[in-house]
Every structure is written in C-alpha cells, then in structure tokens.
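Colleague: Got a structure for you, written out below as structure tokens; questions coming shortly.
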Amino acid sequence: MEREQRRLAAIVCADVAGYSRLIGVEETNTLARLKTVRTDLIDPSIAEHGGRIVKTTGDGLLIEFGSVVDATRCAIAVQCEMARRDADVPADRRIAFRIGIHMGDIVIDGDDILGDGVNVAARLEALAEPGGVCVSGRVQEDLAGKLDVELRDGGDQALKNIARPVRLWHWSPGATGAARVAGVSPLSIDAPPALPDKPSIAVLPFQNMSGDPEQEYFVDGLVEDIITALSRFKSLFVIARNSSFAYKGTSPDVRRVGRDLGVRYVLEGSVRKAGDRVRITGQLIDAANGAHLWADRIDGALADVFDLQDRVTEQVVAAIAPRVQQAEIERVKRKPPANLDAYDCYLRGLANLRPISKEGTAEALRLFERSVELDPNFSPVYGMAAACYAHRRGFGFADDTEQEKVKVVRLVEIAVRVCQEDAAALGDTAWAIAYILRDLATAKVFIDQALALNPNLASVWACSSWINLWLGDAQVAVEHVGRALRLDPRATSLAIGMKSAMAHACFFLGRYEEAIAWAEGQLSGSSTAHPPLRVAAASAALAGNDALARLYGERLHAADPAFRVSRLADYLGPYQRPEFLAKYAEGLRRAGLPE
C-alpha cells in the first residue's frame, strides 16, 4: 500500500464577500474587475511571496505557502491594495476579499492538497471580516517576533466539522503595522454597519434539501414572503432581499452575517420535499452570541403551493415577532438605567405590563413618558401609553377617570400625526379611543387601518375583537380573537386580553361553559384580573352554577372591594346594544355582587 504524502504548509483560503450580490447587480463589470484584480494584483503578489495557487472555486482561491510570514505578508498586501483601489468606489460596489490563514499538516493529492489544515483555513476565511484576514492561533504564534502586525483576539471558536476549538485572531486594514507589512499606505474600508436603534433581522435564503432544482422557486418565494411580512412590523428593521440573498448557496456563520449586515437576529431554514409533502424548518438566532431563540418545523402538502406558502409565512412571522420583542426586553433589562434611550424605556415599560397590575401600569406610564422626552417621534410609545390608561380603567386602577381621559385625548391627538404607518400603535390607540373616549366610529377606522397595514399582528386582531364586540357583533369578535390566538397561541405578546375577549364574546352568544374556560385561561396568568373574574362570575350564574358563580364573585369583590353592579358601565366598554349590559348586570347580581 502506497504511503500518503504529507507536509507542513501555510494554507490560505480567500473569497469575495457578497459575490452573489455583486454579480446580481452588475455581472459583466464585476467579472471584468475580478479578472483585472487577479492579473494585476493577486497572481503577482502570490508569486512574489513564494506561494502557489492550488485551485480556484468560483470566487474563491486555495493557496499554499511554505511560510506563515510570507502567507500573511501577501494577504495583508493584497487587502491594503484592494482598499486603496476601491476607495472611490460606492460601498455597495466594492470588491472586498475575506482571507483565512492556517498552518497545518496537509495531504498531497497530485496538484491538490487535502486534510484538516485546509478545512480549518476554509472555516477561518468564512469568519474573516470583508477586507480583513482571520488567522489561527498557531499562525499568530509563528508570527510573533517576525512580523510587526496588530492582530485582534477573537477567542476560541468551535468550527464546523473540526474536532477541537480553534483560537482566532483578526487583522483589519488600518491596523498598526499594516503599512510596514504591506509596503503601502494603510487605508480603511467601510466598517461593518452599526446596529440600528430597533431590533434588526436578516432572513437568509432557505436551503433546498429536496435535490430538486425546480423547487427553488418555492423556497425563494417563501423567503421573500417572510421578508415582506416582517417588513410590515414597524418595530423591526428588516434587511432587504437583495442583501440577504447574497448568501444564497453558502452556509455562512450567523455571527458573521450579523456583523456584515448590521443585524442582531438571523432567521435561517430549510425545505425538504418528499413526494407530495414538504417539511419546512426554521430557526431564529441571536447573531451576537449564536444562541437559538426559536426553532420549529411545519409540514404540509404541495397540492396548493400558494396556500401552503401563505400559511407557512404567517406561522413563521407570528412565532418570531414576539420572541424578538421578548429577547429585546431581556437585553434591555441588563442595561444600566443611566444608559437607557427612548426605545429602551419603551421596552422596560412593556416588561412592567406582564402581568397587568396597578403598580406595573404606573411604572410603565412613567417609562413611556421618559421615552417621549427622549424622542417625541417614537410612535409605538403613544399607542401603548393610551392603552395603559385603558388597562387602568378596565382593571379598576384609575384614580381620576376624567383626568386620565384628558391625557388619552392628548395622546390620541399626537398618535394621529406620528403613528399613521405603525399598525401596532394604531391598534392600541383604537382600543383607547373606543374604551376611554367611547368613540366607536373613529376607533373602527383606526383598527381597520391597522389591520390593512399588518394583518399578522395578534394584538391588532385582539383590539378589533373588542371593538366589534362593543359594536354588538359577538360572532365577528369570536372570529377576530380566534385569528389573534392563531397568530399567538400562547398569548405571549401584549395582545389586549385575548382570552378575556373570547370569554366575553362567548358569554354574549350564550356559550357560558366556553366563556368560563376562556376566563380561567386569562386568570392563569393573573389570578386577580378584573375582566375575566367579572365575566366568569356572570357566565357561571347564567349557566345555573350558583356555587361557582359566588366563588368568582367573592374573588372579584376581594380584588376590587369598591365594585358595584350599578357601576358596571364604568368598567365595561361602550356597548352599543343595551341588552348586552343588562345581561351582564343580571349575571353579576345572581353571583352575589352588591348592587
């Protein structure tokens, strides 16, 4: 048996960052520029430093050097010259290489080289910054004392299909020693974009695992629909399709994607087809640390591909939007109070509304007011502040209802100006207009506008269910709250009393047992919540279960000793059908509540 040939070598892997995007934007010009770069810069530099091009792979290169010093010197020279050449080129048209370097044992296979050393270099290249170089700890050790270059410690990283963690070190143009190493003036290229001031997400192209190229249209269409649906959430900064699709056909590290695109969250997934069935998997990842925030799979039939596409889009978007919000709330909780901006104050305010309490709504309002002081144009805060006053009234926390009504009027006036494109803010404002100001006609206009802007918001469907219930259409209320619960089955978002809304709608439809069950669902999260206790007491009484009715009545009286049946209208919304109010009052009297 012939013994395999091995040797120790410095391995360099390089590719063009965003190659697919560049080709998509201007194919002919990009290919011509790359050819010129190879002829005028890369090939002569490799030869000058004693390297050998092993092979090319599309936009990538595999190069072998006998010395890590020569390999690193060559890589830095190329990167500095590329930065100089493209200094006047628009940022989205620049050719920026990523380069990875490792020193390791390689297996010789004719003109090719194989082995772990090559695999490590390839992984390092994927983690390099555009225009930068990423080297292994072994390379860094061999460079010490031989090359005056500044390397930034990237820590130990677990690399795909590599048994042991590898210590990473990064170099960027403009680093100390760059001019001396490369022999050119150090010029910095554009740094990765900074994170925006609201949660940011990129949806990567899903992998087609079916082995059927004809399924690409379905996979790409699905991702495009998800991007479009997420873009309807004004609370999210969503990377456009052209940028995220630059990663199509690759398996990038999500942390690198986060740096390249300036996003905090990355959604990736795959589609696998078997016969007439298809399985879609998705996972939401925190790009800062690689933590998985959500993962799920959805199975369906391809009989109606467009219906399946719509259903998957709805399920994915409905699942990840509240998880992004919760992740943002947890992140902000760790920030020092002195460093809070308008968005941070808003998030901390939301955290105080889970569950609803007198102290929590008071603190939420204080934080929302601070948010307005920091940024008067931050639209979400106005709708949520108005909703806070509605919560206070509905739960019996209001100290001065007339004074709070004046505050809501002011908030609505501002919301009319700044919230016209924010579906969530419009929904919250609509609920406050209906519940506090008793103006159902205006509330209906607001809520319909919110639903048109974003039909994937559970909170807006919940608001719509209440408004339709107050207008007297309990059946539409059931349908709309059903849509809200389908979008948010666990009611994890701050949707306004979804289960309580369903309980009230069932009560007015005479479905008392269902009403009690839904009320209990709401009470499981807040045992003293006023609305579900009220409707549970009235439902049990009209169902003929006197013992259960009195039990709920006693719990309601303990939670709010001042409550009287004669004051029911103060707690309830502006019901347009007097018989609804009369039915509610009769149920509460039978439950033993004082007149």
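Colleague: Might you let me know whether the stretch 53-60 holds any residue that is in the same structural domain as R93 (by TED's automatic domain parsing), surrounded by 14 or more Cβ atoms within 10 Å (Cβ to Cβ) and basic (K, R)?
Modeller: no
Colleague: Just to be sure I understand the filter: pairs with C-beta atoms under 7 Å, separated by 6 or more residues or on different chains, first member in the stretch 554-569 and farther than 14 Å from P531 by Cβ, second member among the charged types (D, E, K, R). Which pairs pass?
Modeller: R564/E595; V565/R589; V565/E595; S566/E595
Colleague: Given the criteria more than 23 Å from A519 (Cβ to Cβ) and modelled with pLDDT under 85, does V416 qualify?
Modeller: The answer is yes for V416.
Colleague: When the residues of the stretch 65-80 are narrowed to those that are surrounded by fewer than 24 Cβ atoms within 10 Å (Cβ to Cβ) and in contact with a Gly (Cβ under 8 Å, 6 or more places away or on another chain), which ends up farthest from G115 (Cα to Cα)?
Modeller: A77
Colleague: If you don't mind, there's one more thing I want to ask. Hey, E141 hits all of (1) in contact (Cβ under 8 Å) with a residue 12 or more places away in the chain; (2) surrounded by fewer than 22 Cβ atoms within 10 Å (Cβ to Cβ); (3) among the charged types (D, E, K, R) but one; which does it fall short on?
Modeller: The one condition E141 does not meet is (1).
Colleague: So which residues in the stretch 297-324 are crowded, with 19+ Cβ neighbours inside 10 Å and either free of Cβ contacts under 8 Å to residues at least 12 places away in the same chain or under 24 Å from R255 (Cβ atoms) (or both), if there are any at all?
Modeller: Those that are crowded, with 19+ Cβ neighbours inside 10 Å and either free of Cβ contacts under 8 Å to residues at least 12 places away in the same chain or under 24 Å from R255 (Cβ atoms) (or both): V316, V317, A319, I320, A321, P322, V324.
Colleague: Another question, if that's okay. So is S235 more than 12 Å from the chain's Cα centre (by Cα) and either β-branched (V, I, T) or surrounded by 15 or more Cβ atoms within 10 Å (Cβ to Cβ) (or both) or not?
Modeller: no
Colleague: Now for a separate question. Quick one: in the stretch 511-554, of everything that is under 32 Å from the mean Cα position of the chain (by Cα) and of a type in the set (A, V, I, L, M, F, W, C), which residue is nearest to R590 (Cα to Cα)?
Modeller: A519
Colleague: Scan the stretch 321-344 and give yes if some residue there is under 22 Å from E404 (Cα atoms) and of a type in the set (K, R), otherwise no.
Modeller: No - not one qualifying residue is present in the stretch 321-344.
Colleague: Continuing with the same structure: Do you know which residues across the stretch 389-407 are part of a helix (DSSP H, G or I) and either touching a residue at least 12 places away in the same chain (Cβ under 8 Å) or charged (D, E, K, R) (or both)?
Modeller: Those that are part of a helix (DSSP H, G or I) and either touching a residue at least 12 places away in the same chain (Cβ under 8 Å) or charged (D, E, K, R) (or both): Y389, A390, H391, R392, R393, G394, T401, E402, E404, K405, K407.
Colleague: Oh, and also: So which pairs qualify, if the first residue must be in the stretch 253-274 and closer than 14 Å to I298 by Cβ and surrounded by 21 or more Cβ atoms within 10 Å (Cβ to Cβ), the second must be at pLDDT 85 or above and of a type in the set (G, A, S), the Cβ gap must be under 9 Å, and the two must be at least 6 apart or on different chains?
Modeller: L267/A202; L267/G282; G269/G282
Colleague: Okay, moving on. Taking only pairs six or more apart or across chains, which ones have beta-carbon atoms under 9 Å, a first residue in the stretch 105-133 that is assigned by TED's automatic domain parsing to the domain that holds G262 and of a type in the set (D, E, K, R), and a second residue that is surrounded by fewer than 21 Cβ atoms within 10 Å (Cβ to Cβ) and in a helix (DSSP H, G or I)?
Modeller: none
Colleague: Test each condition in (1) without any contact (Cβ under 8 Å) to a residue 40 or more places away in the chain; (2) surrounded by 15 or more Cβ atoms within 10 Å (Cβ to Cβ) for P90 and report the one that comes out false.
Modeller: Only one criterion in (1) without any contact (Cβ under 8 Å) to a residue 40 or more places away in the chain; (2) surrounded by 15 or more Cβ atoms within 10 Å (Cβ to Cβ) is unmet by P90, namely (2).
Colleague: List the number of the failed condition for V271; all other conditions in (1) of a type outside the set (G, A, S); (2) over 21 Å from S459 (Cβ atoms); (3) in contact with a strand residue (DSSP E or B) (Cβ under 9 Å, 6 or more places away or on another chain); (4) not in a strand (DSSP E or B) hold.
Modeller: Evaluating V271 over (1) of a type outside the set (G, A, S); (2) over 21 Å from S459 (Cβ atoms); (3) in contact with a strand residue (DSSP E or B) (Cβ under 9 Å, 6 or more places away or on another chain); (4) not in a strand (DSSP E or B) leaves (4) as the failure.
Colleague: Would you be able to tell me the number of residues in the stretch 126-141 that are among the acidic types (D, E) and over 26 Å from I95 (Cα atoms)?
Modeller: 1
Colleague: Does the stretch 363-370 include one or more residues that are in contact with a His (Cβ under 8 Å, 6 or more places away or on another chain) and surrounded by 16 or more Cβ atoms within 10 Å (Cβ to Cβ)?
Modeller: The answer is no; no qualifying residue exists.
Colleague: Within the stretch 557-579, is even one residue modelled with pLDDT of 90 or more and assigned to a helix (DSSP H, G or I)?
Modeller: Yes - at least one qualifying residue is present in the stretch 557-579.
Colleague: Being closer than 26 Å to L581 by Cβ and outside any helix (DSSP H, G or I): is that true of A432 here?
Modeller: Here the answer is no, as A432 does not meet what is asked.
Colleague: For the stretch 32-52, state whether one or more residues are assigned to a strand (DSSP E or B) and in the same structural domain as C74 (by TED's automatic domain parsing).
Modeller: The answer is yes, given that some residue of the stretch 32-52 is assigned to a strand (DSSP E or B) and in the same structural domain as C74 (by TED's automatic domain parsing).
Colleague: Which numbered condition in (1) farther than 24 Å from K583 by Cβ; (2) without any contact (Cβ under 8 Å) to a residue 40 or more places away in the chain is the only one that L457 fails?
Modeller: Every condition holds for L457 apart from (2).
Colleague: Could you count how many residues in the stretch 358-383 are outside any loop (DSSP other than H, G, I, E, B) and either over 28 Å from the mean Cα position of the chain (by Cα) or in contact (Cβ under 8 Å) with a residue 60 or more places away in the chain (or both)?
Modeller: Here the count works out to 4.
Colleague: Further question on the same structure: Looking at (1) surrounded by fewer than 22 Cβ atoms within 10 Å (Cβ to Cβ); (2) more than 19 Å from Q140 (Cα to Cα), can you tell me which one A83 breaks?
Modeller: For A83, the failing item is (1).
Colleague: Give the stretch 146-191 a look and list any residue that's farther than 30 Å from N289 by Cβ and modelled with pLDDT under 55, or say none.
Modeller: Within the stretch 146-191, G177, A179, R180, V181, A182, G183, V184, S185, P186, L187 qualify.
Colleague: Please determine, by comparing only the residues of the stretch 12-33 that are over 22 Å from S45 (Cα atoms) and of a type in the set (D, E, K, R), which one is surrounded by the most Cβ atoms within 10 Å (Cβ to Cβ).
Modeller: So, considering only residues that are over 22 Å from S45 (Cα atoms) and of a type in the set (D, E, K, R), the one surrounded by the most Cβ atoms within 10 Å (Cβ to Cβ) is R21.
Colleague: On to the next question. Are any of the residues in the stretch 400-412 touching a Lys or Arg at 6+ places or on another chain (Cβ under 7 Å) and within 19 Å of S235 (Cα to Cα)?
Modeller: no
Colleague: Just need a number here: residues in the stretch 445-465 that are closer than 9 Å to A505 by Cβ and either under 24 Å from the mean Cα position of the chain (by Cα) or of a type outside the set (G, A, S) (or both).
Modeller: 0
Colleague: Continuing with the same structure: Considering the stretch 275-296 alone, what residues qualify as being surrounded by 14 or more Cβ atoms within 10 Å (Cβ to Cβ) and either part of a strand (DSSP E or B) or not assigned by TED's automatic domain parsing to the domain that holds M209 (or both)?
Modeller: V278, R279, I280, T281, G282, Q283, L284, I285, D286, L293, W294, D296
The values are calculated or read from the model by the stated rules, or taken from the named source; none is laboratory data. Keep in mind the model is a prediction, meaning the values are calculated, not measured. Methodologically, a virtual Cβ is constructed for each residue, glycine included, from the backbone with ideal geometry; neighbour enumeration extends over all protein chains shown.
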